[in-house]
Amino acid sequence: MPYTKTVAINVLVKVGSRYELPEEAGISHFLEHMAFKGTSNRSAQDIAKEFDAIGGHFNAYTSREQTVYYTKVLTEYFSKAIDILADIIQNSVFNHQDIVKELGVILQEIAGVEDCPDGLVYENFYNKAYNGSAFGKSVLGNSKNLLRFKKSDFKKYLAKHYIAENIIISVAGNIKHQAIIKTLEKVFTKVTQGSASSPEPAIYKGGYVYAEKKELEQTTIALGFESVPYANLLEFYRAQILAIIFGGGLSSRLFQRIREELALVYSIGSYNSSYLDSGIFSIYAACEHKNVNILLDNLIIEIQKIQDLILDEELLRAKNQIRANIFMAEERSEYKSEEIAKNFGLFGKYFPASEAMEMIMQTTKNQLIDTARQIFTTKSTLSIVGTNVDSKIFDKITRLLGDKPL
């Protein structure tokens, strides 16, 4: 990307919460937090100062399937940024006092989810949708496990998963490929070979869960269905287009009907999230407590309607939205770097935007209707956070969507 003056770096590790054993729940996320707390070469303060000194933006995140460390710096500081990232990944020391401090931070993060209806509704949603499997468990873990983690646990997990087969380093920006390789070979000297482990299958079950929160002014819901995995890219892009038509913008069906016409909600949307071997198509909405029944009634009406008819103008609008999103993102090195890393992590190669565009533009209305029927005829998952919700709602959803009784 010769027109930029920066480089973006992603170090993607193919491990997340779904790879954890029951006694390891939460360790992927905890380990990511500990990366900032010091190495055998740098203290936590040194890491912060060195990144600030080069004007770098540095962060990390953990998901169900990946842990990602990323930064963006001026091109002239590429070698310095890579050196810090390599140090963090290879030489973290996991001092006891730092573990105790960061434990407090993560416990606050967990408490924050409990206090946030948006976060809680999806924590409960995934736990119910994939009940009994590691995939459905919280990325944050649970306090029982977190309280007992010590240095040896982190070292063991690091040795097991932070291996060459699991690590993908992606760089995008104004820099030559050979310069990247030369620098990486200098600093990533301690990463060992190993056998990458496979997670247990993500087995979708569905169901209904309710969390009572009397202090809230609104009831928050997440209604969802099993969607498609990344493995089938054609179906993935069709599900993405469907999500845009259904609830992906101001002109979407859900926004126009539920928000504009009926004025039942302030915010509403639909989202497709795909994973290695499963996927979730979810609808999020928040409404006054008294409107939960009528909101769900109208959501089901819209779910049924989109399985029968999609308009030409809706399809064109959705295609243009997704094309614009992709091409605008392509101009940002941080997006490009992340996308390359994810492509290699999932498929072992990079799919250029032109290939994605071809799949998107060839999508037809009938294909989208087939996708809608495939998704919306799976067993539903409904998560509600609110107060005084009638338990008969769940029976009604079961009946209207044709779900088998729990």
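Counting only DSSP H runs of at least 4 residues, each contributing -39500 (n - 2.57), and dividing by the residue count of the chain, the helix-based mean residue ellipticity at 222 nm comes to -14500 deg cm²/dmol. Less than 5 angstrom separates the built amide H of Gly248 from those of Arg253, Ser270, all sequence-distant by 5 or more or on a different chain. Taking θ as phi - 60° and the Karplus parameters 6.51, -1.76 and 1.60, the scalar couplings of the stretch 380-392 work out to 7, 10, 10, 10, 10, 10, x, 9, 6, 7, 5, 4, 5 Hz in sequence order, x denoting glycine and proline. The 3J(HN,Hα) values that the Karplus relation (6.51, -1.76, 1.60; θ = phi - 60°) gives for the stretch 308-320 are, in residue order, 10, 8, 10, 8, 4, 5, 5, 5, 4, 4, 5, 4, 5 Hz. Gly and Pro appear as x.
Restricting attention to the stretch 350-406, lysine pairs at least eight places apart or on different chains and with alpha-carbon atoms under 20 angstrom apart total 5. Give the aspartates and glutamates whose C-alpha is closer than 13 Å to that of Lys37, dropping any in the same chain fewer than 8 places away, or say none. Candidates past the 8-residue exclusion: Asp46, Asp87, Asp98, Glu102.
Over the chain, what portion of Cα pair distances is larger than 30 Å, expressed as a whole percent? Summing the P(r) of the chain above 30 Å gives 48 percent of all pairs. Normalised by the number of residues in the stretch 186-317, the mean separation of alpha-carbon contacts (under 8 Å, six or more apart) gives a relative contact order of 27 percent.
Over the residues of the stretch 308-406, compute the C-alpha Rg and express it relative to 2.2 N^0.38 Å. Ratio of Rg to 2.2 N^0.38 Å for the stretch 308-406: 1.53.
Of Lys128/Lys150; Lys72/Lys156; Lys101/Lys144; Lys319/Lys349; Lys213/Lys290; Lys14/Lys182, which pairs sit farther than 18 Å apart, going by alpha carbon to alpha carbon?
Cα-Cα > 18 Å for Lys128/Lys150; Lys72/Lys156; Lys319/Lys349; Lys14/Lys182; rest within.
Put in line by how crowded their Cβ is, counting other Cβ atoms within 10 Å and starting with the fewest, Glu102, Glu23, Glu339 read Glu23, Glu102, Glu339.
Note down the relative contact order for the stretch 13-108 as a percent, whole number, built from C-alpha pairs under 8 angstrom at least six residues apart.
RCO, the stretch 13-108: 35 percent.
Each label point was placed 7 Å from the Cα along the Cα-to-Cβ direction; for Thr75 and Lys150 their separation is 5.0 nm. Going by neighbour counts of Cβ atoms within 10 Å, the residues His33, His289 line up, fewest first, as His289, His33. Across the stretch 198-212, coupling constants 3J(HN,Hα) worked out from phi with the 6.51/-1.76/1.60 Karplus curve, θ = phi - 60°, read 9, x, 5, x, 8, 9, 6, 10, x, x, 10, 9, 10, 10, 7 Hz, and Gly and Pro carry x. Radius of gyration over Kirkwood radius for the stretch 6-187, both on Cα atoms: the Rg/Rh ratio is 0.99. One equal scatterer on each Cα of the stretch 175-305, no solvent, Debye formula: the resulting log10 I(q)/I(0) at q = 0.17, 0.18 Å⁻¹ is -0.94, -1.01. Our compactness index for the stretch 207-401, the C-alpha radius of gyration over the empirical 2.2 N^0.38 Å, is 1.08.
Values quoted throughout were computed directly from the atomic coordinates according to the rules given, and no laboratory measurement underlies them. Here the structure is a predicted model, which is why all the values come from computation and not from measurement. Methodologically, a virtual Cβ is constructed for each residue, glycine included, from the backbone with ideal geometry; neighbour enumeration extends over all protein chains shown.
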